[in-house]
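Structure record follows, encoded as structure tokens.
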Amino acid sequence: MGDRLLTRHFLQRFLENDLLSPEADGHDAIAMVWGGLLTLGLFLSVVMSLKFVFMPFQSPGRTALLAIDDRLTFIAIGMIVMALVAVITWDGLSLDPRDTAILGPLPIERGVIVRAKLRAVGLLASGFALAISSLSSLFHPVLMVAKLPIGLLPAFALILIHLTVTLAAALFAFASVVAIREVLRALLGVRFIRISAGVQALLIVALVTSFLLLPVILSRAGRFERRDASMLPPVWFVGLHEALAGGIVAGLPRGALPVSIARQEDRDAKRYRDIAVSIRPLASWAVTALTASLAIASLAFFWNSRRLPLPLAGNRAARYRGPGLFTRVVTLTVARRPATRAGFFFTLQCMFRSGPHRVVMAGCIAASIAVSTVFLMTGSGSPPGDVWSVPVYVFSTQTIALVLLLAGFSHVMRLPADLRASRLFRLACVGDPSRFLAGVRRGAFVGIVLPTILLLLLPHVYLVGTRLALMHALSGCLLGSALISLRTLRMRQLPFVASYAPAGDLNTVGPAVLIGGLIAVSIFSRIERFAMADVGSAAVFWAILAAVIVSPLAARRNMLLDLPTAFDVPATGATRLDLG
Amino acid sequence: MSSMVERNWPPLTASTPSWPRQASCVRMKVSAMTHPLLEARHLTKRFHGITVVDDVSFVVNRGEVVGYLGPNGSGKTTTGRILTGLVEPSSGSVFFDGRNVSDDPIGYRRRLGYVPEEPTLYPFLSAREQLRLLGQLRELPAAPTERKMTALLELFGMADAAEQSISAYSKGMRQKVLIIAALLHDPDLLIFDEPDSGLDVTTSLVLRHLVHTLAARGKAVLYSSHVLEAVEKLCTRVIVLHRGRIVAQDTVQQLRTLMSHESLEDVFAELVLETNPEQTARDIADVVASRG
């Protein structure tokens, strides 16, 4: 009874996830995620099964061959989603000092608490794994063989095997994240707290990037005969499926087929047999990987839980040795006034240290990496002679990466770092808030625009040559600066400290903004390519961008922020209740 | 709606050649004879029709520590927030150095130090980063502020934890950061809202001596606390609040004499307590011991 209560308590704690929804109802977020996963499973099943349903002469060999790619997609998506679930619930994956504070004084044995926590983590993983796998396991095998002469028992076996394999893959991904976390905790001890947030952010970036690059990854993994394909974990689980299902589909009677279709069927059946032979041995890899990840995660979890965690207040951090080089350079160059300095450093601290801000930025970084990878991978490997031979998408890479990252920044600016702590901020804010805002702009430039351009410079030098790459980088700097300037032009609230004002309905505005943004990026890239043809045109282009940066700043000088509106978003018709 | 541009008081910024104290000391000599440093006039605050602070008026002079007492929900914290400008009063005004603070809220805030009741700080910053941020927002000169910050962190026993994330701090450590933040700019007026909450014995004693020393150096202090013993020892005058209204306002000695009690605790009990604490304690113990 006590065990169940504790398990329920720990499951409830997963809802108190500041990363998902600070100070909001966690039930909403969980319901949305669950609904989203179920819908995703159903949507993918239906979309991927259409080809079987509408196949005029469905044959077993072709069906078996096509089904391998589908399974790879299901398994890969399930694994990434489950790993993301584990990363999002990162801090809740093990007992923390708050658990000690609440449960420590109670007359409950440590072992009971630890087991209840592990059970809660297991239930969370199983629940999400079922959400992502159940509908696809039901619909995909059924729709796949609906037109084939298959018995009830083999069809049921296909459903069961699909469910088993997708669940196993999902649990492997979840357990791997838990294992990474717990092994790091075991190795680093109390020092883990220092790197925990960084590792979490890194995993979010890696997983979201993988998700966005999934079509590219799957197209390579789908070439099963290649040796490197067998290095990808989703392929191991496709191998496990093949080992379990054997030739259930491929062994079905083919029936009467037109000659050309029959010939194609022979080729497909042979190709399927070749692939099946090459991936079936990977089943043992899948089983070993799943067992190992579960074992390592559990062992490390129990090892770390041999004592209930204590608050870290007593731990000592490194002694202060004065401001670092970066701080000194910034103080002497871009942020010489105190209020500007406050804006500059607070922006960087919020973006990369505050949980909700970091998640948004990590998502945008991942999207930028994915887009840049796709664009740059399709670029030519040798420097072209003139600008006209450079494809437009090479110019678009930097622009789209900047737009994505600054869109994320635009959102995080509206998220308060901590509303209650903003009171002290408000009391101390005795300078001109415009200077603080100038610091925010410069912080965004140094924290987002500059690193993006520097990271893309090397591939651009390889693709378009040094001179053009440098000119393109300068354009990127000016564009980034101009976008930041324009974004902060109409700002009436101080970033990171004002109460949160929700944006317009993303469902209605989002697609329009996305399409409009893509068109704008394409037009801008074409204009940039045109301007880069000679130095004169480039100078005019840069001058226009510089004017876009300067004019909002000049306009702002006469628009000093007022204190009451700088911190509080005025109530709109929807939020005002007119009580009292 | 007031602009953030400095209007009346000289700006005490990084570009100001002298440290703020000199400027404020000159002003103090001129105006000390005529105005109390802080004056609350008929402050009233209503939330959704419920009166939380009801016609509260008092003054705090330079060199004075005024105790602000009252049971939970009596309106102490709301008064503190009105005095700091975080909450607008429904009616009434706050005067600082003879001028309405709404005429120049920024100038007022430059000379105000506030320790709030809740130790709310940005959890992802370290103590030093938090203090540096507040110093920069106050436009304090960087180098002297850094030195001052280091010295204060050392004196409050926070040097070892200064680079650690505030999320790992105990309540007492957060409280210390708030106290340092309130003192960093050497304010003329200090408002403490239960500053000893969560502090260890040593720091509580240091704080009491500190408040006494600051008052002796001409600062005006409004000190709200539930520790009556501390208030009795520290405060020159006491204001007792009950259900949003002031029920007593005098020196501790005078209150004791007037109400024929030996301690402030007894005076407070007679003024605001509606239940017999001993009886309530017995009732609680009975409930604890009851079975079924």
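A few comments on the model shown:
- Members of region A:102-152 that are within 18 Å of A:L50 (Cβ to Cβ) and more than 26 Å from the chain's Cα centre (by Cα): A:L138, A:F139, A:H140, A:P141, A:V142, A:L143, A:M144, A:V145, A:A146, A:K147, A:L148
- Subset of region A:87-107 that is outside any helix (DSSP H, G or I) and modelled with pLDDT of 85 or more - its residue that is nearest to A:F43 (Cα to Cα): A:T89
- Test: residue in region B:192-199 that is touching a Gly at 6+ places or on another chain (Cβ under 9 Å), away from chain A (no Cβ under 14 Å), closer than 19 Å to B:E265 by Cα and of a type outside the set (D, E, K, R): yes
- Positions within region B:238-264 being within 19 Å of B:V59 (Cβ to Cβ) and of a type in the set (S, T, Y), in sequence order: B:T251
- Within region B:132-154, the set of residues being more than 10 Å from chain A (Cβ to nearest Cβ) and in contact (Cβ under 8 Å) with a residue 24 or more places away in the chain comprises B:P144, B:K148, B:L152.
- Residue ranges of helices (runs of 4 or more DSSP H) in region A:467-580 with at least 1 members modelled with pLDDT of 90 or more: A:506-531, A:535-557
- Region B:155-180: number of residues that are under 18 Å from B:D200 (Cα atoms) and at the interface with another protein chain (Cβ under 7 Å from one of its Cβ atoms): 7
- Per the listing A:A197, A:A245, A:A276, the residue uniquely buried (at least 20 other Cβ atoms within 10 Å of the Cβ) and touching a Gly at 6+ places or on another chain (Cβ under 9 Å) is A:A276.
- The condition of being within 13 Å of another protein chain (Cβ to nearest Cβ) and either closer than 22 Å to A:A531 by Cβ or free of Cβ contacts under 8 Å to residues at least 60 places away in the same chain (or both) holds for only one of A:L457, A:L405, A:L376, A:L424, that being A:L424.
Per-residue answers, yes or no, for (1) more than 24 Å from the chain's Cα centre (by Cα); (2) within 18 Å of A:L376 (Cα to Cα):
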residue	(1), (2)
A:P451	no, yes
A:G465	yes, yes
A:T488	yes, no
A:M491	yes, no
A:P511	no, no
A:I515	no, no
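So that you can scan it fast, the table gives a plain yes or no per residue for (1) on the phi > 0 side of the Ramachandran plot; (2) modelled with pLDDT under 95; (3) surrounded by fewer than 18 Cβ atoms within 10 Å (Cβ to Cβ):
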{"site": "B:I180", "(1), (2), (3)": "no, no, no"}
{"site": "B:E194", "(1), (2), (3)": "yes, yes, no"}
{"site": "B:G198", "(1), (2), (3)": "yes, yes, yes"}
{"site": "B:L207", "(1), (2), (3)": "no, yes, no"}
{"site": "B:A216", "(1), (2), (3)": "no, yes, yes"}
{"site": "B:E229", "(1), (2), (3)": "no, yes, yes"}
{"site": "B:K233", "(1), (2), (3)": "no, yes, yes"}
{"site": "B:T236", "(1), (2), (3)": "no, yes, yes"}
{"site": "B:L241", "(1), (2), (3)": "no, yes, no"}
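- Count of residues meeting criterion [over 17 Å from B:V240 (Cβ atoms) and surrounded by fewer than 20 Cβ atoms within 10 Å (Cβ to Cβ)] in region B:63-84: 1
- Looking across A:L130, A:L123, A:L84, one residue alone is at pLDDT 90 or above, more than 25 Å from A:L310 (Cα to Cα) and surrounded by fewer than 17 Cβ atoms within 10 Å (Cβ to Cβ). It is A:L123.
- Any pair with Cβ under 9 angstrom, 6 or more apart, that starts in region A:387-399 at a residue that is free of Cβ contacts under 8 Å to residues at least 24 places away in the same chain and ends at one that is crowded, with 17+ Cβ neighbours inside 10 Å and outside any helix (DSSP H, G or I): A:P391/A:G379
- Within region A:325-350, residues that are within 7 Å of another protein chain (Cβ to nearest Cβ) reach partners that are in a loop (DSSP other than H, G, I, E, B) and among the aromatic types (F, W, Y) with beta carbons closer than 7 Å, at six or more positions or on different chains, in the pairs A:F346/A:F496; A:Q349/B:F124.
- Residue match in region A:450-469 (condition: farther than 30 Å from A:V497 by Cβ, β-branched (V, I, T) and either surrounded by fewer than 22 Cβ atoms within 10 Å (Cβ to Cβ) or out of contact with any helix residue (DSSP H, G or I) (no Cβ under 8 Å at 6 or more places or on another chain) (or both)): yes
Matching residues to (1) crowded, with 20+ Cβ neighbours inside 10 Å; (2) among the charged types (D, E, K, R); (3) away from chain B (no Cβ under 14 Å); (4) out of contact with any Asp or Glu (no Cβ under 9 Å at 6 or more places or on another chain):
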residue: A:P97; (1), (2), (3), (4): no, no, no, yes
residue: A:I102; (1), (2), (3), (4): no, no, yes, yes
residue: A:P105; (1), (2), (3), (4): no, no, yes, yes
residue: A:A155; (1), (2), (3), (4): no, no, yes, yes
residue: A:A168; (1), (2), (3), (4): yes, no, yes, yes
residue: A:S176; (1), (2), (3), (4): yes, no, yes, yes
residue: A:I180; (1), (2), (3), (4): no, no, yes, yes
residue: A:G189; (1), (2), (3), (4): no, no, yes, yes
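- Those helices (runs of 4 or more DSSP H) of region A:181-267 in which 3 or more residues are farther than 24 Å from A:P149 by Cα and free of Cβ contacts under 8 Å to residues at least 40 places away in the same chain occupy A:192-212, A:214-221.
- Within region B:156-178, the residues that satisfy the criterion of being touching a Phe, Trp or Tyr at 6+ places or on another chain (Cβ under 8 Å), buried (at least 19 other Cβ atoms within 10 Å of the Cβ) and in a helix (DSSP H, G or I) are B:A161, B:I166, B:K176, B:V177.
- Selection from region B:108-131 of residues that are in a helix (DSSP H, G or I) and more than 8 Å from chain A (Cβ to nearest Cβ): B:Y108, B:A127, B:Q130, B:L131
- For the residues B:S102, B:S91, the requirement of being over 12 Å from B:A181 (Cβ atoms), more than 21 Å from the chain's Cα centre (by Cα) and more than 10 Å from every other protein chain (Cβ to nearest Cβ) singles out B:S91.
- Count of residues meeting criterion [polar (S, T, N, Q) and crowded, with 17+ Cβ neighbours inside 10 Å] in region A:279-297: 1
The values are calculated or read from the model by the stated rules, or taken from the named source; none is laboratory data. On a predicted model such as this, the values are computed, not experimentally measured, just so you know. As a convention, Cβ positions derive from the backbone with ideal geometry for all residues, glycine included, and neighbour counts pool all protein chains shown.
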